[in-house]
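Everything on this sheet refers to the single structure shown next.
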Amino acid sequence: MAKNFLKKVVSACSAATVALGMSSFIPAKTSAKEADILDFSISDVTMTDGYCTNALDKEMDYLLSFDTEKLLAGFRDNAGLSTNGATRYGGWENTNI
């Protein structure tokens, strides 16, 4: 279930990246209506390229490999909550963000 949710989030980010990347081809003073840009649902997007789907699967496996208790430890500590015995990951996860 978490993997399906994460897949939707990453797909949405990928679609947004493509859409935002295309904005550089539209003159700044052109409105979305004038440029014939239409809204679309993320459910209308299907990633079929083998390279992209493989990369997406690898990214999801990597993100799901994190220990959620360790990821949340910093936020819980800053909020004055119990960290449930977990310590923060090193690196940027160990900073006050």
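The values are calculated or read from the model by the stated rules, or taken from the named source; none is laboratory data. No experiment lies behind these values; they were computed from the predicted model shown. Here the Cβ is made from the backbone with ideal geometry for all residues, glycine too, and neighbour counts use every protein chain on show. These area figures cover heavy atoms from the full protein model, side chains too; ligands, DNA and RNA do not enter into them. Shrake-Rupley method; radii C 1.70, N 1.55, O 1.52, S 1.80 Å.
Sparse packing (at most 10 other Cβ atoms within 10 Å of the Cβ) combined with a DSSP loop state is found for the following GluC sites (Glu not before Pro) in region 32-73: 34. Computed with a 1.4 Å probe over protein heavy atoms only, the accessible area of residue 82 comes to about 80 Å².
Neighbours of residue 86 by Cβ distance under 15 Å: Lys/Arg scored +1, Asp/Glu scored -1, total -1. Using a probe of 1.4 angstrom and keeping all protein chains present, the accessible surface of region 35-83 works out to 77 square angstrom per residue.
Residues in region 75-83 carry Karplus couplings, in order, of 5, 5, 4, 5, 8, x, 9, 5, 8 Hz; the curve used is 6.51 cos²θ - 1.76 cosθ + 1.60 with θ = phi - 60°, and Gly or Pro positions show x.
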